[in-house]
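Beneath this line is the structure, given in structure tokens, with notes to follow.
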Amino acid sequence: MAGTTGIVLINLGSPASPSVRDVRTYLAQFLSDPFVIDLPAAMRWLLLHGIILRFRPKKSAHAYQSIWTDRGSPLVFHTADLADAVQRRFGKEAVVRYAMRYGSPSVHSVCESLRKEGISRIHFVPLYPQFAGATTATVMGDVFRAVMSDAWRPLFPSFEPPFYDAEGFVELWASRVKRLSRDTHVLFSFHGLPVRQIHRSGDSRCMQEGCCEREAPTHCYRAQCMHSARAVAVAAGLDKENWSVAFQSRLGRDEWLSPSTEDRIRVLAAQNRSLAIVPLSFVADCLETLEELAIRGEEVYREVGGNGEFRLVPSLNADEDWADFLYKKLKKGLKEAE
């Protein structure tokens, strides 16, 4: 296969099983990453081993058990199915694989497999629409660690840029939003980040009023999230009062991006609005969508007294139009890079 291009789709990852032991192993790898918990090493170790790994694995295992299927982790099998769908479209033009930043299959193992097949040009695709240090940047670091050995020389790695504003990506989500009832409030939910990480990646105007209304800086996660939400809302023809943005999955007591998704659910439930949550930062359904949003989100909605329709709009997963978008985008980018 010498001369063939390899394409590696990379997502976050998952524990090997929903057992407490496997969840603890996964969390230890995930939360040891300095891109994820960006504290000094000693503080991160104390937080992780003194608090998080003592109490969180059991709770997280229960959450994983609620979404686990006969095929295993939804995130993993949706990503595997997507890789297969993109491979069918490329045929013999490229070899398409998938990897996980944490868990299995690892970036290192997939790269090694491609090396043994004689592939020296690999294009890596972080499956994160918006850029963040805790997602895209840590994937890039993992890739470079995997391919720094002499065995990889010469290697020609390249990376797919964030696609939060790609017209085809926006239209994928807009087409799904258009299927909703016009009186439904659409809540665009993004994975949250500590505010300090936003300040570090933005410019001097970061987090000032209106700063995210301007063009999205290359590395400003919040601005890119706001841009994605506005673009989808406009493409779907939503009225301004019928959509909003929130951030989920807070960890710890530090200040995170706001408003929180749970707080917005409470407000909308109190208004008895029918609610559809659109997980714009997740391209595959996973713990954060299926358990945090669909299960716990509805529990909060009903607890407050919401009597309307509550629904999670499924993510892109391995849908045909999503695979078509990726294929066309990757094919164009690879041709331009030749």
*Residue that is nearest to L27 (Cα to Cα) [pool: residues in region 239-256 that are buried (at least 20 other Cβ atoms within 10 Å of the Cβ) and of a type in the set (A, V, I, L, M)]*: A246
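For F190, are the conditions met, namely being in contact with a Cys (Cβ under 6 Å, 6 or more places away or on another chain) and either modelled with pLDDT of 90 or more or of a type in the set (S, T, N, Q) (or both)?
Judged against the criteria, F190 is a match.
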*asked:* I'm checking my understanding of the structure. Among residues of region 156-204 that are in contact with a Ser or Thr (Cβ under 6 Å, 6 or more places away or on another chain) and in a loop (DSSP other than H, G, I, E, B), which one is surrounded by the fewest Cβ atoms within 10 Å (Cβ to Cβ)?
replied: T184
*Please report, ordered by residue number, the helices (runs of 4 or more DSSP H) entirely within region 34-125 with at least 1 residues that are hydroxyl-bearing (S, T, Y) and modelled with pLDDT under 95.*
107-116
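Can you report the number of residues in region 268-308 which are touching a Lys or Arg at 6+ places or on another chain (Cβ under 9 Å) and in a helix (DSSP H, G or I)?
The number of residues fulfilling the criteria is 6.
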_Here is a check on your reading of the model: is S258 touching a Gly at 6+ places or on another chain (Cβ under 9 Å) and assigned to a loop (DSSP other than H, G, I, E, B)?_
yes
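Can you tell me which residue within region 309-329, out of those that are part of a helix (DSSP H, G or I) and not aromatic (F, W, Y), is surrounded by the most Cβ atoms within 10 Å (Cβ to Cβ)?
L326
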*Unique residue being more than 20 Å from Y164 (Cα to Cα), among the hydrophobic types (A, V, I, L, M, F, W, C) and touching a helix residue (DSSP H, G or I) at 6+ places or on another chain (Cβ under 9 Å) when the list is F310, F325*: F310
_With the structure loaded, tell me whether R264 is on the phi < 0 side of the Ramachandran plot, surrounded by 18 or more Cβ atoms within 10 Å (Cβ to Cβ) and charged (D, E, K, R) or whether it fails that test._
yes
*Give me a count of the residues in region 154-170 that are of a type in the set (D, E) and touching a helix residue (DSSP H, G or I) at 6+ places or on another chain (Cβ under 6 Å).*
1
*Mind listing whichever residues of region 56-99 are under 11 Å from L9 (Cβ atoms) and hydroxyl-bearing (S, T, Y)?*
T79, Y98
_Where a residue in region 99-117 is over 17 Å from D81 (Cα atoms) and its partner, wherever it lies, is surrounded by fewer than 17 Cβ atoms within 10 Å (Cβ to Cβ) and of a type in the set (G, A, S), with Cβ under 7 Å and at least six apart_ = G103/A16; R115/A151
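The values are calculated or read from the model by the stated rules, or taken from the named source; none is laboratory data. In this text, all values refer to a predicted model and were calculated from it rather than measured experimentally. Every residue, glycine as well, gets a Cβ built from its backbone with ideal geometry; the counts of neighbours run over all protein chains shown.
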